[in-house]
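Report on one structure; see the data block that follows.
The values are calculated or read from the model by the stated rules, or taken from the named source; none is laboratory data. Since we're looking at a predicted model, the values are computed, not measured. With ideal geometry, Cβ positions are generated from the backbone for all residues, glycine too; neighbour counts draw on all protein chains shown.
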Amino acid sequence: MTAAAIERRPLRHLRARRLTILSALAVAVMVAVVLSLMVGARPVPPADVWQALWSPSGSEPDLIVRDLRVPRTALGVLAGLALGVAGALMQGHTRNPLADPGLLGVTQGAAFAMVLSIVVLRLSSVYGYIWFGLAGALIASAAVFALGLAGGRGAPTPVTLALAGTAVSAFLYALTSTVVLLDQQAMDMFRFWQAGSIAGRDSAVAGQVLPFVAVGLALALANAPGLNALALGEDVARALGRNIALTRFLGIAAITLLTGAAVAACGSLAFIGLIVPHLARALAGPDHRWLLPYSGLAGAALLPAADVAGRVVAHPGELEAGVVLALLGAPFFVALVRRTRSPRL
C-alpha cells in the first residue's frame, strides 16, 4: 500500500463518520416531524396521520393533521433550520461562543417594525405584519453593519459588530417598549409574539418566509470556506487570498435573512441559535462546511421537538415553544458561561 493511500484512509473514515452523523440528524428531524403530527390535545394515531397526508377523507383527524399540524410542523422545521445555521454563522464571525443571532439587532428590528405596523396601520394578522417584521430586521442589521464600518478601517471586526449590535438592539428595545405601553392592541400582540410560537400559523406563512430562508442558506454555504479562513485570523485569511469585507458581508446578509425570516414569522425564539451550534460543533468539529449543515438539521429537529414537549407538559393545553426553549436553554447557557474562559471558539 502506498503512502498516499495510507494518508487517504483516515480522511475516508472521517468523511464516512460525518455522513453517518448527518444521516442520524436527518432521522432525528423526521422523528420530530412525526411526533409533531401525532401529539397534541387530540392525539392522532400513525395510521390516521398517514391517511390524512396521502388519502384524506375529510374526517376530524384529517382536518387536525392537514389544517393545523402540517403547517405548524413545516414552519417549525423551517425556522429551526434557519436559526440553527444563523447561530453557527454568528458565533463564527464574532468568535464568541456566547453569541446569538439576535446580537445583530435582527430580533429587536423585527419587533419594532411589527409593533409600528400594528399601531400605525392597525394590522392584526401575521400575514400583514410579517413583511414589516422582515423589513425591520433587514434595516436593523444594515444599521449595525454601517456602524461597524464607521471606524473607517475596512471590514468590521467581531468586537465592533458586537458593540454596534448591542447598541442598536438596546435603542430599538426602548422604542418598542415605549410604543407598546401606549397601545393596548400592540401590547397584546407583541406579548404573544415575544413569547415565540409556531402555533396558529398556516401554510401561507411558511410560504412567505421560504424564499428568504432559501437565499440565506445559499449565502451561508457560500460563506463557509471564507469563515474557515477567518477562524485562522484575519491576517492568515488575507494571505490565503480571502476578501475579508466580502466574507463579513456575506455572513451578515445570511444571518439577517435567516434570523429575520424566522423571527418575523414565529417571534423571539431564544437559545436555538446559542445551543444548536455547540451541539453541532461537538459532532462536526470546527469545519463550517460540515458545521452549518449539522446546525441546520439539529435546529430543525429541536424546534418541533420543543413544540411537542410544550403540548405534552401542559396537556390538554400547551406551552409556547419559546417558553420551552427558554427552560431548556437557560441551564445550558449557565453551564456554558461557567465553562467558557476565552472569547475564542
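So here's what we get for this one:
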item: Any hit, the stretch 193-215, residues being at pLDDT 90 or above, surrounded by 15 or more Cβ atoms within 10 Å (Cβ to Cβ) and of a type in the set (S, T, N, Q); result: no
item: Residue ranges of helices (runs of 4 or more DSSP H) in the stretch 2-97 with at least 2 members over 17 Å from the mean Cα position of the chain (by Cα) and at pLDDT 95 or above; result: 3-38
item: Residue list for the stretch 219-245, restricted to those being among the hydrophobic types (A, V, I, L, M, F, W, C) and without any contact (Cβ under 8 Å) to a residue 12 or more places away in the chain; result: LEU232, VAL236, ALA237, ALA239, LEU240
item: Residue among GLY165, GLY136, GLY154 that is out of contact with any strand residue (DSSP E or B) (no Cβ under 8 Å at 6 or more places or on another chain), of a type in the set (Gly, Ala, Ser) and at pLDDT below 80; result: GLY154
item: In the stretch 108-136, the residues that are in a helix (DSSP H, G or I) and either within 30 Å of LEU232 (Cβ to Cβ) or small (Gly, Ala, Ser) (or both); result: GLY109, ALA110, ALA111, ALA113, SER117, GLY128, GLY133, ALA135, GLY136
item: Tabulated pairs, the stretch 246-273, first free of Cβ contacts under 8 Å to residues at least 24 places away in the same chain, second among the hydrophobic types (A, V, I, L, M, F, W, C), C-beta under 9 angstrom, 6+ apart or interchain; result: LEU246/ALA155
item: Options ALA174, ALA214, ALA206, ALA220: the member that is part of a helix (DSSP H, G or I), hydrophobic (A, V, I, L, M, F, W, C) and within 19 Å of ALA99 (Cα to Cα); result: ALA220
item: Out of VAL85, VAL115, VAL77, sole residue that is farther than 22 Å from HIS288 by Cα and either surrounded by 16 or more Cβ atoms within 10 Å (Cβ to Cβ) or free of Cβ contacts under 8 Å to residues at least 40 places away in the same chain (or both); result: VAL115
item: Checklist (1) surrounded by fewer than 24 Cβ atoms within 10 Å (Cβ to Cβ); (2) under 28 Å from the mean Cα position of the chain (by Cα); (3) within 23 Å of ALA206 (Cα to Cα) applied to PRO101, failing item; result: (1)
item: Among the residues listed as VAL276, VAL236, the single one being crowded, with 24+ Cβ neighbours inside 10 Å and of a type outside the set (Ser, Thr, Tyr); result: VAL276
item: Filter result for ALA309 (surrounded by fewer than 22 Cβ atoms within 10 Å (Cβ to Cβ), closer than 18 Å to ARG72 by Cα and modelled with pLDDT of 90 or more); result: yes
item: Some residue of the stretch 181-202 being in contact with a Phe, Trp or Tyr (Cβ under 7 Å, 6 or more places away or on another chain), assigned to a helix (DSSP H, G or I), touching a residue at least 60 places away in the same chain (Cβ under 8 Å) and more than 30 Å from ARG289 (Cα to Cα); result: no
